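Everything below concerns the one structure shown next.
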Amino acid sequence: MQQDAPKAVDDAALNARFEARIEAGETIEPKDWMPERYRTQLIRMMSQHAHSEIVGMLPEGNWITRAPSLKRKMSLIAKVQDEAGHGLYIYCGTETLGVDRAELVDQLLTGKAKYSSIFNYPTLSWADMGVIGWFVDGAAIVNQTVLAKASYGPYARAMIRICKEENFHKKQGYEIMATLANGTPAQKAMAQDAVNRWWWPSLMMLGPSDANSPNTAELIKWRVKRKTNDELRQRFIDLTVPQAQAVDLTLPDPDLKYNEETGHWEHGPIDWDEFWAVVKGNGPCNRERLQARRDAHEKGAWVREAAAAYAAKHQPASASNAA
Ligand code: FAQ
């Protein structure tokens, strides 16, 4: 007990210095001292984010072979490829916290780690490609623009580049929707059906309501999150309602109304039972998504083996002598 006392004093001093740095708006870098809880919270949140980007390739990947034109196919391939890149940046960022990527991937494949609820819904028509860009990338931009100011440097920097790409994704999605909404009655109906199916899951994607968000207070205190889930959801709604009006599509919420006093759009109740069912693995496509990732991982084993063999072969002589 006596022996532990100096360490406790050191930790308290380090902790106070860390809190002061956060308070002063400084960026925390990988080699800086940080509380263990800050590190584990970041690993949790960043790895879930990386997993979401990778699983997020699946719903859209489903439509690459069925895109209606060469131009649409090229944009969609580029978008899906971008999502893979985002996953890789964020996995790299997470590794700066001293965790191995193989361990993170294992947590995804064994169902231990979460990924975004939104990617457990099926993509039933071409309009879903438009609505994913418009709503899902739109919500991701609202969330990630704020994360670009997160206190952890590698995460914040990854978000800056990712947001630039997500902006392109959102524009291409909205343009698909505007085209369909201005098309034949059947095309407009397809666009409206996609809006009806994706609106509520997109609101849920921004996380549980603040009253049921156990991590928010701590993450806000450490300036990882800079806004709460409900604040970001409100911003997404306020941005999206006029966009829907501009292309004459109706958001499926009869309670949606503008409050002149607050300057915000008020919305109806969100079905949180549905959200938690999806988060717990019982959404329409959870099993299919995880199985697709497991299959891809298995099929990619030879690539990992070849990369490891290549790295061993090209190891500098000094490194192999030391071993
Ligand atoms: N789905 O206490 P909170 C994208 C979990 S990327 C599943 O509020 P926190 C790009 C949460 O993990 C989309 N689980 O948690 C793209 C926690 O469980 P845990 C992903 C969810 O961390 C576009 C529990 O509920 N974006 O879309 C969800 O403070 C198109 C309690 O929740 C990010 O990951 C959910 N929706 O806030 C790709 C952004 N929400 O871990 C392809 C970074 C919550 O304690 C195509 N992450 N949970 O067991 C964040 O901003 C935050 O982590 C939140 C959750 C807001 C997601």
Item to check | Of all residues making up the range 180-199, the number that are out of contact with any helix residue (DSSP H, G or I) (no Cβ under 6 Å at 6 or more places or on another chain) and within 12 Å of the ligand (Cβ to nearest atom) | outcome: 0
Checklist entry - Pick from the range 93-121 the residues that are among the hydroxyl-bearing types (Ser, Thr, Tyr) and surrounded by fewer than 18 Cβ atoms within 10 Å (Cβ to Cβ): which of them is farthest from the ligand (Cβ to nearest atom)? => result Thr96
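Anything in the range 122-139 that is among the aliphatic types (A, V, I, L, M) and within 13 Å of the ligand (Cβ to nearest atom)? List them, or say none.
At the first step, the residues of the range 122-139 found to be among the aliphatic types (A, V, I, L, M) are 124, 127, 129, 131-132, 136, 139.
Met129, Val131, Ile132, Val136, Ala139 - these are the residues of the range 122-139 that are among the aliphatic types (A, V, I, L, M) and within 13 Å of the ligand (Cβ to nearest atom).
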Next on the checklist: Here are the criteria: (1) within 30 Å of Pro185 (Cβ to Cβ); (2) exposed (fewer than 13 other Cβ atoms within 10 Å of the Cβ); (3) not aromatic (Phe, Trp, Tyr). Tell me which single one Thr262 does not satisfy.
Outcome noted: (1)
Next on the checklist: Can you tell me how many residues within the range 16-74 are among the small types (Gly, Ala, Ser), more than 12 Å from the ligand (Cβ to nearest atom) and in contact with a Lys or Arg (Cβ under 9 Å, 6 or more places away or on another chain)?
Outcome noted: 2
Checklist entry - Here is a list of conditions, (1) of a type in the set (A, V, I, L, M); (2) touching a Lys or Arg at 6+ places or on another chain (Cβ under 6 Å); (3) within 30 Å of Met34 (Cβ to Cβ), and Leu108 meets all of them except one; can you say which number that is? => result (2)
Checklist entry - Do we have any residue at all in the range 181-194 that's hydroxyl-bearing (Ser, Thr, Tyr), crowded, with 23+ Cβ neighbours inside 10 Å and outside any helix (DSSP H, G or I)? => result no
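Bear in mind these aren't lab numbers, they're just calculated from the coordinates by the rules spelled out. Please read these numbers as outputs of a predicted model, since none were measured by experiment. Quick reminder, even Gly has a Cβ in these numbers, built from the backbone with ideal geometry, and neighbours come from all protein chains shown.
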